[in-house]
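Asks: This is the structure I want to talk about, given as C-alpha cells.
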Amino acid sequence: INNEQNAGRLLAKAEKLAGAFGSKVWILHISEPDPDDFLGLEAGPQFAHEKRLQNRKKEGELIKRLTEDLQARNLKAEGMQLQGSTAKLIKAQVKELNVDLLIAGHHKRNFFYQLFVGNVEQE
C-alpha cells in the first residue's frame, strides 16, 4: 500500500459492502520477493537490504492499523502481508479464503506504465 489515501478509499468501499452483507474484509498486501530469497545471500549493499526491511515494516504497520480501524467499527477484518508473484498470490488467496468479491488497488507505476495502462479507477 503506497498511498494511504487510496487505501482509505478502497477500504471505504469494502467497508460499505461488508457492512451491507455481513462479510469479512481481508486486507492483503503483496510485495515483490526479496532478492535474497533467490540468491541465497544478501543481494546488493546493506543499506538496500535495510531499506527493504524498513519498507516492509511500515507496510505491515499500515495493514495492522487499517485492520484495527475496521474492527473498531464492528466489522470482521484481517490483514496479511505476503511476498511473491502478485497474480499467483491473489489467485491462491481468493481460493483459499473463499473470497466472493475482490477490490484491488495498485501502486502507481512510471510514466510508461501510465501511458499504456492509464488510471482505471472509477468513482
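The values are calculated or read from the model by the stated rules, or taken from the named source; none is laboratory data. Computed from a predicted structure; not experimentally measured. Positions of Cβ are backbone-derived with ideal geometry, glycine not excepted, and every protein chain shown enters the neighbour counts. Heads up: the accessible areas ignore ligands, DNA and RNA and are worked out on the full protein's heavy atoms, side chains in. Shrake-Rupley method; radii C 1.70, N 1.55, O 1.52, S 1.80 Å.
Asks: Tell me which residues come under 5 Å, amide H to amide H, from residue 25 once H is placed; ignore anything under 5 positions away on its chain.
Replies: 76, 77, 78
Asks: Over the heavy atoms of residue 61, what accessible area does a 1.4 Å probe trace out, to the nearest 10 Å²?
Replies: The value for residue 61 is about 100 Å².
Asks: Further question on the same structure: What FRET efficiency do you get for residue 16 and residue 54 if R0 is 35 Å and r is their Cβ-Cβ distance, rounded to the nearest 0.05?
Replies: Working from the Cβ atoms, E equals 0.55.
Asks: Which lysines does residue 24 reach when only Cα atoms under 16 Å apart count, and residues fewer than 8 places away in its own chain are ignored?
Replies: Once the sequence-local lysines are set aside, what remains near residue 24 is 13, 16, 64, 76, 95.
Asks: Can you tell me which of 94-101, 4-11 comes out highest on packing, and rank the rest after it, using the mean Cβ neighbours within 10 Å?
Replies: Per-residue mean Cβ counts within 10 Å order the peptides as 4-11, 94-101.
Asks: How much FRET efficiency would the formula 1/(1 + (r/R0)^6) give for residue 95 and residue 23, where r is the Cβ-Cβ distance and R0 is 25 Å, rounded to 0.05?
Replies: 0.90
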